[in-house]
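Below is one structure; the comments refer to it alone.
A short reminder: the numbers here are calculations on the coordinates, not readings from a lab. Worth saying up front: this structure is predicted, and the values here are computed from it rather than measured. Note: ideal-geometry Cβ built from the backbone for every residue, glycine included; neighbour counts use all protein chains shown.
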Amino acid sequence: MAVSGIAGVPIDCSGRFTGVERMPAALRAAGLAARLNLPDWGDLPAAIDNADRDLQTGIIGYEAVCTASQVIRDGIADLIRQKRQPLIIGGCCTLLIGTFAALRAEIGHTGLAFVDGHLDFYDGQSSPTGEAADMELAILSGIGPATLTGLGGTPPPLVRPEHVVLLGYRDGEQAARDGAPHPATYAPGMILYDAQAVQQHDPATLGQQTAARLEAEPGRFWLHLDLDVLDDTVLPAVDYLMPGGLDWETLIQLARPLAHSPTLVGADVTIYNPALDPDGRYARRIVDALAAIFS
Ligand SMILES: [Mn+2]
């Protein structure tokens, strides 16, 4: 089934409140709930309010990231217990840590369709920024501080590599130059389609095949949509611009079969920055795209 309501997670892992934390408010103002014909369950009370990079872990606002991740975990666990399938509006990709802690604790192993312009597989040392949204897929895979990798109350990883399909990343070479761990080495079994590979497929077929794979094993999955998977010319209202991304129609065709899988447990959309969208045109375009994907 598709998602059954929306909830916001207004976090920005720079710790500086540079705009991404206002994404839920901006999409609400652009009419998201009405366009999707879904109830709005409000925001989870999470914030990352410390911009200092922790020396030990290499993560900005480490204690705040841990606290926010616990709040997100508990909030999403509540939604799951109420048999809801949330569409979570970020905020940044850091929200996946609390999300998968909740999924792991409440319903067990859950797959991940990870549609993102980046691998998000840095560790605290190799990340140029120290932002947790560089690292969340590594943390889900068991690479990172134990407080986060064990947030579900079970031994890491929060998601098994063979239950993850990456779709659309285009920073593989940059991440390697920075010395980041690579999923192919540290999480063998993950299925990797970079942006070029996605563009060489029929996107709807690739979306269907990915859904079928995760429906078979582990039998349920979460859909992650980082909007920086889009080309920087079609969505410039993101913090880290990068050419070579998808166009709107490719994203919609790819994501729609995943969003409508009977085994979808929820989804999130992240990283649009309203501070870079003064007249709100991109908020309206995102609402249109989410309506095309989820309605
Ligand atoms: Mn991301």
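Annotations
Let's see how each residue does on (1) under 21 Å from Pro236 (Cβ atoms); (2) out of contact with any Gly (no Cβ under 9 Å at 6 or more places or on another chain); (3) aromatic (Phe, Trp, Tyr); (4) not in a helix (DSSP H, G or I):
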{"residue": "Glu249", "(1), (2), (3), (4)": "yes, yes, no, no"}
{"residue": "Leu254", "(1), (2), (3), (4)": "yes, no, no, no"}
{"residue": "Pro257", "(1), (2), (3), (4)": "no, no, no, no"}
{"residue": "Ala267", "(1), (2), (3), (4)": "no, yes, no, yes"}
{"residue": "Pro278", "(1), (2), (3), (4)": "yes, yes, no, yes"}
{"residue": "Arg284", "(1), (2), (3), (4)": "yes, no, no, no"}
{"residue": "Val287", "(1), (2), (3), (4)": "yes, no, no, no"}
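- Residue in the stretch 213-243 that is nearest to Ala26 (Cα to Cα), counting only those that are in contact (Cβ under 8 Å) with a residue 12 or more places away in the chain and small (Gly, Ala, Ser): Ala237
- From Leu112, Leu103, residue being within 16 Å of the ligand (Cβ to nearest atom), closer than 28 Å to Leu32 by Cβ and aliphatic (A, V, I, L, M): Leu112
- Glu131 free of Cβ contacts under 8 Å to residues at least 60 places away in the same chain and under 20 Å from Glu63 (Cα atoms): no
- Long-range neighbours under 7 Å by Cβ, at least six apart or interchain, first residue touching a residue at least 12 places away in the same chain (Cβ under 8 Å) and farther than 17 Å from Asp226 by Cα within the stretch 185-212, second in a loop (DSSP other than H, G, I, E, B) and of a type outside the set (A, V, I, L, M): Tyr186/Ser141; Ala187/Ser141; Ala211/Ser261
Each row is one residue, and each column tells you yes or no for (1) crowded, with 23+ Cβ neighbours inside 10 Å; (2) closer than 26 Å to Gly19 by Cβ; (3) of a type in the set (Gly, Ala, Ser); (4) touching a strand residue (DSSP E or B) at 6+ places or on another chain (Cβ under 7 Å).
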residue: Gly219; (1), (2), (3), (4): no, no, yes, no
residue: Leu230; (1), (2), (3), (4): yes, yes, no, yes
residue: Val238; (1), (2), (3), (4): yes, yes, no, no
residue: Met242; (1), (2), (3), (4): no, yes, no, no
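- Annotation: of all residues in the stretch 82-97 being touching a residue at least 40 places away in the same chain (Cβ under 8 Å) and more than 16 Å from the ligand (Cβ to nearest atom), the one that is farthest from the chain's Cα centre (by Cα) is Arg84.
- Some residue of the stretch 256-275 being hydroxyl-bearing (Ser, Thr, Tyr), surrounded by fewer than 23 Cβ atoms within 10 Å (Cβ to Cβ) and within 16 Å of the ligand (Cβ to nearest atom): no
- Condition check for Leu79: touching a residue at least 40 places away in the same chain (Cβ under 8 Å) and either closer than 23 Å to Arg285 by Cβ or within 16 Å of the ligand (Cβ to nearest atom) (or both): no
- For Pro24, the test of being crowded, with 17+ Cβ neighbours inside 10 Å and not small (Gly, Ala, Ser) is passed.
- Candidates in the stretch 46-89 are the residues that are part of a loop (DSSP other than H, G, I, E, B) and in contact with a helix residue (DSSP H, G or I) (Cβ under 6 Å, 6 or more places away or on another chain); of these, the one that is surrounded by the fewest Cβ atoms within 10 Å (Cβ to Cβ) is Asp49.
- For the stretch 117-126, the criterion of being small (Gly, Ala, Ser), in contact with a Gly (Cβ under 7 Å, 6 or more places away or on another chain) and within 12 Å of the ligand (Cβ to nearest atom) is met by at least one residue.
- Elements of type helices (runs of 4 or more DSSP H) in the stretch 102-198, at least 3 residues being buried (at least 20 other Cβ atoms within 10 Å of the Cβ): 136-140
- Meets criteria (crowded, with 20+ Cβ neighbours inside 10 Å and either within 26 Å of Asp288 (Cβ to Cβ) or in contact with a helix residue (DSSP H, G or I) (Cβ under 7 Å, 6 or more places away or on another chain) (or both)) for Val234: no
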